[in-house]
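Note sheet for the following structure.
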Amino acid sequence: MIVSFFDQFASPVFLGVPLIAIAIALPWVLYPTPSSRWVNNRLTTTQEWLINRFTNQLMLPLNTGGHKWALLLTSLMIFLITTNMLGLLPYTFTPTTQLSLNLGFAVPLWLATVIIGMRNQPTVALGHLLPEGTPILLIPVLIIIETISLFMRPLALGVRLTANLTAGHLLIQLIATAVFVLLPMMPMVAILTAALLFMLTLLEVAVAMIQAYVFVLLLSLYLQENV
C-alpha cells in the first residue's frame, strides 16, 4: 500500500517511451495565441492583463538591467502554475514533483544570476559573503557560512517546490483512500472526511499557485542582488 502511494510520482512510460516530455509541453498548448486583431476575446484579454500585472509587479524592484529577464521569468511562472494545476486533476502526472526537473530550472538560473554579478560588479557580489563590521576573528567562519548558504540556494528552490507538491498530493491520496474505506462502514464519517478532502483540494490549488510564484520571486531577488 505504501509503495502504491508513491507510484503517482513515477515518470510515466508508454511502450518504453517516457511521457514526461509530453507532460512538459502540454501547458503551452492550453494558452490561446495572441492575434493581430485590434479587439481580442475576453479570454485573451484577461490573459494579457494578468501577465502584464505579474510582470510589472515582478520587475518593480529591479533596475533596467534586470528587465531583460522579464520574458524568461514570466514564462517560467506561467509554466509552473499551469503544470502544478494540471497535476491536481485525477490520473495526471505532475512533472514538478520531480526534484531533477526543479533543480534543472533552479541551478542554471541561479548560476546565471551569480555569473552576472561576478561580471558586472564583482566587488559588490563578493561583498555579500562578508557583512560590514564583522570582527576579524569571525571573518573566515562567516565567509565559509555565507558561501555554503549561497550554494544552498538552488537546492532550497528545488526542494521547496518538490516537497510542497509531493506532500499535498500524498495527503489528497491518503484522505481520498480513507473516504472510500469508510464509506461502507461509517457513512457520516466518510462524508465529513470528503468535506475535509474538498477543503484540502482548495488549499492545494492555492499552494500550486503560491509555490510557483515563490520560486520565481526568489529568483528575481537573487537577480536583484547581482544587477
Could you tell me whether any residue of the range 118-125 is over 30 Å from Thr94 (Cβ atoms) and either among the basic types (Lys, Arg) or not in a helix (DSSP H, G or I) (or both)? yes
Among the residues of the range 86-114 satisfying the criterion of being hydrophobic (A, V, I, L, M, F, W, C) and over 22 Å from Ser220 (Cα atoms), which is most open to solvent (accessible area, probe 1.4 Å)? Leu89
Enumeration of residues in the range 53-80 that are over 16 Å from the mean Cα position of the chain (by Cα), assigned to a helix (DSSP H, G or I) and surrounded by 12 or more Cβ atoms within 10 Å (Cβ to Cβ): Thr55, Gln57, Met59, Gly65, Gly66, His67, Lys68, Trp69, Ala70
Verdict on Gln47 being within 23 Å of the chain's Cα centre (by Cα) and farther than 26 Å from Pro95 by Cα: no
All positions within the range 32-63 that are among the charged types (D, E, K, R) and either over 27 Å from Leu217 (Cβ atoms) or touching a helix residue (DSSP H, G or I) at 6+ places or on another chain (Cβ under 7 Å) (or both): Arg37, Arg42
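Yes/no per residue for (1) hydroxyl-bearing (Ser, Thr, Tyr); (2) open to solvent by 30 Å² or more (accessible area, probe 1.4 Å); (3) closer than 30 Å to Val114 by Cβ:
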position: Pro140; (1), (2), (3): no, yes, yes
position: Thr147; (1), (2), (3): yes, yes, yes
position: Met152; (1), (2), (3): no, yes, yes
position: Val159; (1), (2), (3): no, yes, yes
position: Ala176; (1), (2), (3): no, no, no
Only one of (1) touching a residue at least 12 places away in the same chain (Cβ under 8 Å); (2) loosely packed, with under 14 Cβ neighbours inside 10 Å is not met by Ile172, so which one is it? (2)
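The values are calculated or read from the model by the stated rules, or taken from the named source; none is laboratory data. Everything numeric in this text was worked out from a predicted model, so none of it was measured. Neighbour counts are summed over all protein chains in view; Cβ atoms, including those assigned to glycine, are modelled from backbone coordinates with ideal geometry. The area values use the complete protein model at the heavy-atom level, side chains included, leaving out ligands, DNA and RNA. Shrake-Rupley method; radii C 1.70, N 1.55, O 1.52, S 1.80 Å.
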